[in-house]
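A short worksheet on the structure shown next.
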Amino acid sequence: ARCALEKMALDVFNHHVPKTCPYDKSTSGAEWWVQLRPSPPGIGRYAMHDDSPDDSMTKHGISFHWDKDEDLRILAGGSLYVHPHISTVTYITGIGAPTLVVNCRVNNVTGEWVVPDNSAGNSLEGCLSWPKQGKHFSFDGRFLHSAPPDFMEDGEFEEQCTFPSTADEKQRKTLTRRHRRVTFLVNIWLNYKPYNVQPFPDTMVDKLSGKDMVDSMKLFGDTVHELEKGNVTVDQDNETKYIWPMGDCDSGESVSMAIPFVRVRSGRDGGATFCLSWSSQLELAGVRLLKSLPTSKRPCENEALSSNQKIQKL
């Protein structure tokens, strides 16, 4: 590893891939990047107070999406999906929106949704992870996921990003970095290399801080503490229905989902993780794809819409 970020990515890869696992080293590896919410003012696409039309979902959170070989999907016309084996999130800071994952997939060739129908052995399941500094969260790389800010109170994220003013410019920059939602994302690919994904440029390595820490740093200690998870069943008595846009809000598709808001909200301060299941009484209403979002609706509304669905049952 040439820098601290590459060392972290390598640690994640080795943590999830046993040494006994056979794989082709020339076509396997860790795809990594860092996500900031909000982005730095005037630089990032999702700065907190910029004047762009992007909605709260993208400025304060992450839109629903599947991890995939994005360039290959575009080159193939938009319906070819190749996913990583494992997707991971490491929380560098403990603020901001939770990560929400549901076991909804997409047909690799047609792009149609593959949604469990809660029949025997085919249950609709999900997981919600609140940020906690140093927490590592992983899931099947084929699953739909996002970081919706709607589980936070209005103005709460802005308050988390606020810190006492200081005249010391160096200290101000440090405090600004520490008061963002910062996550280190690593996708693990085995025996497949995503199209057009390249190593971090050599010319940029020297510009990164922490280069002298590469040999000594270790993302995972000798003992990994498994965090407790709360099991929550979503039913008609505790559900709040949300509608979120897919992608960057310009695809015309959106996701309708029933979420036990009060229960999952209770775990924010402790960085809790909840395993979600949807009762059979909700049938397919637990998670649905809506092909188009009426213009009269906000990007996220906590009510259900009826629409034609593009869903392929397992």
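The values are calculated or read from the model by the stated rules, or taken from the named source; none is laboratory data. Given the structure is predicted, the values throughout are model-derived calculations rather than measurements. Positions of Cβ are backbone-derived with ideal geometry, glycine not excepted, and every protein chain shown enters the neighbour counts.
Which number in (1) surrounded by fewer than 22 Cβ atoms within 10 Å (Cβ to Cβ); (2) outside any strand (DSSP E or B); (3) among the aromatic types (Phe, Trp, Tyr) marks the one condition that residue 157 misses?
Evaluating residue 157 over (1) surrounded by fewer than 22 Cβ atoms within 10 Å (Cβ to Cβ); (2) outside any strand (DSSP E or B); (3) among the aromatic types (Phe, Trp, Tyr) leaves (1) as the failure.
Could you tell me which residue of the stretch 102-130 is modelled with the lowest pLDDT, considering only residues that are in contact with a Phe, Trp or Tyr (Cβ under 6 Å, 6 or more places away or on another chain), assigned to a strand (DSSP E or B) and among the hydrophobic types (A, V, I, L, M, F, W, C)?
Ranking the qualifying residues of the stretch 102-130, first place goes to 106.
Restricting attention to the stretch 239-263, which residues are in a loop (DSSP other than H, G, I, E, B) and modelled with pLDDT of 85 or more?
239, 253, 260 - these are the residues of the stretch 239-263 that are in a loop (DSSP other than H, G, I, E, B) and modelled with pLDDT of 85 or more.
Using the structure shown, decide if residue 278 is modelled with pLDDT of 85 or more, in contact with a Leu (Cβ under 6 Å, 6 or more places away or on another chain), closer than 24 Å to residue 104 by Cα and surrounded by 12 or more Cβ atoms within 10 Å (Cβ to Cβ).
Judged against the criteria, residue 278 is a match.
If you scan the stretch 201-215, which residues turn out to be part of a loop (DSSP other than H, G, I, E, B) and either closer than 10 Å to residue 4 by Cα or among the polar types (S, T, N, Q) (or both)?
Correct list: 208, 209, 210, 214, 215.
Rundown of residues vs (1) over 20 Å from the mean Cα position of the chain (by Cα); (2) in a loop (DSSP other than H, G, I, E, B); (3) at pLDDT 95 or above, yes/no style:
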position: 5; (1), (2), (3): no, no, no
position: 34; (1), (2), (3): no, no, no
position: 54; (1), (2), (3): no, yes, no
position: 88; (1), (2), (3): no, no, yes
position: 96; (1), (2), (3): no, yes, yes
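If a residue must be modelled with pLDDT under 85, farther than 30 Å from residue 84 by Cα and surrounded by 10 or more Cβ atoms within 10 Å (Cβ to Cβ), how many such residues does the stretch 160-210 contain?
7
Filtering the stretch 8-25 down to residues that are in a helix (DSSP H, G or I) and of a type in the set (D, E, K, R), which residue is surrounded by the most Cβ atoms within 10 Å (Cβ to Cβ)?
Per the criteria, the residue is 11.
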